[in-house]
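So the structure is just underneath, and the comments pick up after that.
Computed from the coordinates by the stated procedures, all read-outs in this text should not be read as laboratory data. Since this is a predicted model, take the numbers as computed values, not measurements. Using ideal geometry, Cβ is built from the backbone for each residue, glycine included, and neighbour counts are taken over all protein chains shown.
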Amino acid sequence: MRGARTSALLFIVVLGVYSANGRLIGAVDTVANQLLPIALVRGDGLVLDRFAETERDQYYVRAEGGRLLSRYPVLPALMATPLTFLQVRALDRLLPGWTRDPSVYDGWISAIAKSSAALVAALTALFLYRLLLQLGLGEVAVAATLAVMSGVLCLGAAV
């Protein structure tokens with residue numbers, strides 16, 4: 001497989017850069033998409049009722065038919081769900097009862113969201129790089145991928 005080492009290195013670099021600050025951007029409008037993958041993993045579907053006690057009066061959710069729903073598009077949350085599933089299952093196994101204390105639970109939700117977002121970014125970089133190679137643009141593939149990912153990082157930081 002052409003560029004396998006470079007692919008692996010690119011994945012690790014992008015994952016490291018996106019994970020480096022260890023915290024989420026403080027944008028409140030991302031909260032619904034942090035909670036939605038947890039709800040999906042727990043079998044709630046697209047309903048955020050399990051978070052109703054703390055989230056009911058927030059602008060990023062809406063009550064509809066007695067259910068609490070996200071006001072934001074769900075695609076980002078759906079993309080993060082497989083990654084969230086693995087992390088939630090690991091926590092369930094390693095730290096049973098991690099969901100009982102809201103302050104601990106909230107911290108884990110943030111950590112899960114951060115690592116899922118970093119993994120999605122790293123996978124995006126990997127797929128972009130592999131696509132550029134397939135298109136015969138190997139000479140510029142690394143530079144172009146890093147340029148795109150740094151632009152995405154800057155846009156995310158600005159939002």
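A few remarks follow.
- Exposed loop sites here mean chymotrypsin sites (Phe, Trp or Tyr not before Pro) with a DSSP loop assignment and at most 14 other beta-carbon atoms within 10 Å; the chain contains its longest site-free run at 99-159.
- Comparing Y59, W108, V88 along the charge dipole axis of the range 40-159, the residue lying farthest to the positive side is V88, per the Cβ-charge model.
- At the listed q of 0.11, 0.12, 0.17, 0.18 Å⁻¹, the Debye profile of the chain, built from one uniform point per Cα, gives log10 I(q)/I(0) equal to -0.52, -0.60, -1.02, -1.10.
- Based on alpha carbons, the Rg and Dmax found for the range 31-120 are 12.5, 37 Å.
- Database remark: amide H of V61 closer than 5 angstrom to the amide H of R71 (H placed geometrically; neighbours at sequence offset of 5 or more, or on other chains; Pro and chain starts carry no H).
- Shown here for the range 48-99: trypsin sites (Lys or Arg not before Pro) in loop regions (DSSP other than H, G, I, E, B) with at most 16 other Cβ atoms within 10 Å, namely R56, R71.
- Extension gain for Y72-L153 works out to 27.1 nm (0.36 nm per residue, less the C-alpha to C-alpha distance).
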